[in-house]
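Notes follow once the structure below has been shown.
The values are calculated or read from the model by the stated rules, or taken from the named source; none is laboratory data. Remember, predicted model here, so these are calculated numbers, not experimental data. Every residue, glycine as well, gets a Cβ built from its backbone with ideal geometry; the counts of neighbours run over all protein chains shown. Protein only, heavy atoms only, side chains kept; ligands, DNA and RNA dropped before computing areas. Shrake-Rupley method; radii C 1.70, N 1.55, O 1.52, S 1.80 Å.
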Amino acid sequence: MRTNYLLLLTILLGLIPVNYTHASDSIPSVFLYSPYTKISVSPGTSIDYKIDLINNSDIPVNVDLSVTGLPASWKRELKSGGWNINKLAVLPSEKKDFNLKLEVPLKINKGSYNFVVTAGGCQLPLTVTVAQQGTYQTEFTTDQPNMQGNSKSTFTFNAVLKNQTADQQLYALMSNAPRGWNVIFKPNYKQATSAQVEANASQNVSIDVTPPANVEAGNYKISVRAVAGNTSADLDLEVVVTGTYQMELTTPRGLLSTEITAGDVKRLELVVRNTGSSLLKDIQLSSGKPKDWEVSFEPAKIEILKAGETSTVTAIMKASKKALPGDYVATMEARTPEVNATAQFRIAVKTPMLWGWVGILVIVVAVGGVYYLFRKYGRR
């Protein structure tokens, strides 16, 4: 009994090798186990192995842990129970797990890397295959590089800026959008022209793209860039602007009132303006006029009108001969299947000159008649 206690004490003190076994045993008393002995990863990946240290003997063991065979640039760490360890004790017929954490460098060659985890005299060979050549650069990516909307839309792209270098980087954010386009960067959703990203870390960058007011329908490429020192990354975005149909009907000076004499003809110059982003075709002109008035247009319709362009039309208006003096309202309309525009004109009707002279003559005759009567009968 005393011999067993002394043996146990010497093992705990590390005086007996880990591969101690009874004379009758033919298998190692301690071994290491992990199901993932060969894995494939990308540069910059963090690996976390869970490894079991199994004690098949009937006495406790206390073993040294080490990792050999890895390049010096690989960061490694042995942990158990939240502690960094380099030695681990296991009770008889039990197992204890620990974690091996590795950081694959960003700057690394493609290939297989073999290393060994050792616990006393027991070894666990492991292999990490780096699937691609390592980069020491920056990535600027988005899951949705293409967006569609009308010319009044603001297109918001959610991008990720990844610093795949070993140093903290301050990136300048810029774009080469076409003239008239507005591009706003929002690192971590706050408007800015630069973003600071820690080594081997990422940052969300929201990109708001606003087209010009009169942009035509079509596909537009917007390139954005993040630049810092010797590293940079480009991101190509695409905006698909769908057509908007808008039209304005007015006069060259914007004046919507005029005068006319009853029975006369008035020529009004109208301006039809395409204020949308789509082509307008077959623009028909019509009017809402007072009773017995006549309105026609030259030309009667506009065949085609491009976005941002204007066309001049003459409205020929003939007032009714019976129109009484006063104000009248005439509504002009330009219409297509997609959109229409109206303009209301206030028309002041005046009396014809002939009737003015007739009125004057009547007054003169009346005054003359009164004078004659006064002269003839005034002395009686």
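From most to least packed by mean Cβ count within 10 Å, the peptides 186-195, 56-65 give 56-65, 186-195.
What number comes out for the charge environment of D234, summing +1 per Lys or Arg and -1 per Asp or Glu over other residues with Cβ under 13 Å away? Taking every Cβ under 13 Å from that of D234, the sum is 0.
Which percent of the accessible area of the chain is formed by carbon and sulfur heavy atoms (probe 1.4 angstrom)? Reported share for carbon and sulfur atoms: 51 percent. Looking at [x] 0.94; [y] 0.96; [z] 1.51, which value of Rg/Rh (Cα atoms, Kirkwood Rh) comes from a calculation on the structure shown? From the options [x] 0.94; [y] 0.96; [z] 1.51, the structure gives [z]. Other residues within the sphere of radius under 12 Å centred on the Cβ of D282, judged by their own Cβ, net out at +1 (K and R +1, D and E -1). Antiparallel as a % of all DSSP beta bridges within the chain, to the nearest 5? If we restrict to bridges inside the chain, about 90 percent are antiparallel. Using C-alpha pairs under 8 Å with a sequence gap of at least 6, the mean separation divided by the residue count of the chain gives a relative contact order of 11 percent.
A protection proxy built from the mean count of other Cβ atoms within 10 Å ranks the segments 119-132, 289-302, most packed first, as 119-132, 289-302.
Against the chain, whose longest principal axis is taken from its Cα atoms, helix 2-12 shows a tilt of about 40°.
Net charge of the neighbourhood of S80, taken over other residues with C-beta under 15 Å away and scored Lys/Arg +1, Asp/Glu -1, is +1. Non-local lysine pairs in segment 81-219, meaning eight or more places apart or on different chains, with alpha-carbon distances under 16 Å, amount to 5. Calculated [222 nm] ellipticity per residue, helices only, for the chain: -3000 deg cm²/dmol; basis is -39500 (n - 2.57) per DSSP H run with n ≥ 4, divided by all residues, nearest 500.
For segment 245-351, the convex hull spanned by the alpha carbon atoms encloses 78 Å³ per residue.
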